[in-house]
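Q: Before I ask anything, let me first share the structure, which is written out below as structure tokens.
Nothing in this text is a laboratory measurement; each read-out follows from the coordinates by a stated rule. On a predicted model such as this, the values are computed, not experimentally measured, just so you know. Cβ sites come from the backbone with ideal geometry, for glycine too, and all protein chains shown count toward neighbours.
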Amino acid sequence: MTIAPATPADIDELASWRYESPYDFYDGDLDPPLNPERYFVEHDDEGRVSGFHYYEQKGETLEYGLGLRPDLTGRGLGLDFFRRGLEFGRARFQPARMRLYVAAFNTRAIAVYERAGFRETGRHMRTFPRFGDVEFVEMDEQ
């Protein structure tokens, strides 16, 4: 697996991803990237995009977002994928701390993040035209 800056073609591919409900909240065309330079994609051994990692430096904190290709979700691949992105982010940005935000309904992702050593540090609501109010969990690496 390799992680590299996302190209415009990679960003287009991410926009085509469709997840089953309730994970359709993460469909790629719902929220086009405002900062595509912050996206990095992971390629498998055949060169296909298997997922993306997103990093945003805020002071000493690196905010980390990610997404696994829809056909790869629910297959036990999340923890290793998540950890590869963490290691890449730490090496590239050298943050004092890592933070992420995840929709509260996404219990399978929260379980992965907890297994990787993240703990809930807060919650907030965001409003989306298609989904209404959605609660988010803030998690920091412990």
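Q: Might you let me know whether the range 3-22 holds any residue that is touching a residue at least 60 places away in the same chain (Cβ under 8 Å) and surrounded by fewer than 12 Cβ atoms within 10 Å (Cβ to Cβ)? Before you say what the answer is, go through the steps one by one.
A: Taking the range 3-22 as the starting set, the residues that turn out to be touching a residue at least 60 places away in the same chain (Cβ under 8 Å) are 3, 22.
Imposing the further condition that a residue be surrounded by fewer than 12 Cβ atoms within 10 Å (Cβ to Cβ) reduces the set to 22.
Yes - at least one qualifying residue is present in the range 3-22.
Q: I would also like to ask the following. What residue, of G76, G89, is buried (at least 19 other Cβ atoms within 10 Å of the Cβ) and of a type outside the set (S, T, N, Q)? Please lay out each step first, then the result.
A: On the way: G76 fails: buried (at least 19 other Cβ atoms within 10 Å of the Cβ).
It is G89.
Q: Additional query: Taking the range 31-41 as the search range and keeping residues that are touching a residue at least 12 places away in the same chain (Cβ under 8 Å) and either within 18 Å of R18 (Cα to Cα) or among the β-branched types (V, I, T) (or both), which one is surrounded by the most Cβ atoms within 10 Å (Cβ to Cβ)?
A: Our first condition is that a residue be touching a residue at least 12 places away in the same chain (Cβ under 8 Å); within the range 31-41, this holds for 32-33, 35-41.
Those still in the list that are either within 18 Å of R18 (Cα to Cα) or among the β-branched types (V, I, T) (or both) too: 32-33, 41.
Working: P32: 10, P33: 15, V41: 23.
Selected residue: V41.
Q: Within the range 38-66, restricting attention to residues that are under 16 Å from P5 (Cβ atoms) and small (G, A, S), which residue is farthest from the chain's Cα centre (by Cα)?
A: Step by step, filter the range 38-66, then rank; the result is G47.
Q: If we keep just the residues of the range 85-139 that are out of contact with any helix residue (DSSP H, G or I) (no Cβ under 9 Å at 6 or more places or on another chain) and touching a residue at least 60 places away in the same chain (Cβ under 8 Å), which is farthest from G28 (Cα to Cα)?
A: F88
Q: For the range 53-73, name all the residues that are buried (at least 20 other Cβ atoms within 10 Å of the Cβ), closer than 13 Å to F118 by Cβ and of a type outside the set (A, V, I, L, M, F, W, C).
A: Y64 - this is the single residue of the range 53-73 that is buried (at least 20 other Cβ atoms within 10 Å of the Cβ), closer than 13 Å to F118 by Cβ and of a type outside the set (A, V, I, L, M, F, W, C).
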